[in-house]
Amino acid sequence: MKGRLRLRDSTMRDYLESLIIAVALGLILRIFVFSPYKIYLDDMSPTLLKGDYVVGYSLAYGFSPPFFSNKKIGDRPPQINEVVVFQDTMVGHKMFIRRIVALPGDRVQILDGNLLINEKIAKVLPSKLKNQEPFVVPPLHAFGVADNIMGINNAPGLGLIPFAQIKAQIWKVWMSVSWKNRNQFFPDIRWSRLFDTVH
């Protein structure tokens, strides 16, 4: 009986240790490697839709050690056309997702509904946006835009993004749901969008 009890205790201890290790590894991956986000607006459609659940790769632009959030190891700047999530400290530290279209040294201008990057048309914008005199993206900043400016709802649709505020590169859509009406008990799942890589 004692042998059986010791065996049972040992087995329970092994299960408990395995569970603790699995939870710890999951938390490490969640905090430092992959971050989940939910899309609440249509400002990035058709790339990202309202109701998408996406995964951001937190190590894409370097690793921030705990308690040293202003320092990064293996720091690399974002690249043109990457979709990033950043924390805008000017809008209550809210998170936004934008596409990078210009990098430090690039010349940016809005003219007649067109976004010009280095004097080449990069994106057609709604005419409601006023013309903007050309400016050069400063060091340690990127210029980002929403894929669907018309979908903007009280959020910055385009503008300078400090590298230090970029939290992750959006990687994949792991779940996508839509609500056709308020009386639905369960949402519809957009099966075709599951595990789509974000470009």
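Once backbone amide H atoms are built at 1.01 Å from N, residue 102 has 143 as its partners under 5 Å, excluding neighbours fewer than 5 places away on the same chain. Residues whose amide H lies under 5 Å from that of residue 171, counting only those 5 or more places away or on a different chain, are 55, 56, 57; hydrogens are built 1.01 Å from N in the peptide plane.
Using only Cα atoms, what Kirkwood radius does segment 35-197 have, in angstroms?
Its Kirkwood hydrodynamic radius stands at 16.9 Å.
In this structure, the pairs whose alpha-carbon distance is over 29 Å, taken from 38/123; 38/120; 123/172, are 38/120. When peptides 190-198, 160-168 are ranked by their average number of other Cβ atoms within 10 Å per residue, the highest-first order is 160-168, 190-198.
A Förster radius of 41 Å, combined with the Cβ-Cβ distance separating residue 109 from residue 13, puts the computed FRET efficiency at roughly 0.05. Multiplying the residue separation of residue 130 and residue 22 by 0.36 nm and subtracting their alpha-carbon distance yields 33.6 nm. Relative protection proxy for 176-184, 105-113, from highest mean packing down: 105-113, 176-184 (other beta-carbon atoms within 10 angstrom).
Rule-based calculations on the coordinates, nothing more; no lab input. Bear in mind that the values here come from a model prediction, so they are computed numbers and not experimental data. So basically every Cβ, Gly included, is an ideal-geometry build from the backbone, and we count neighbours across all protein chains shown.
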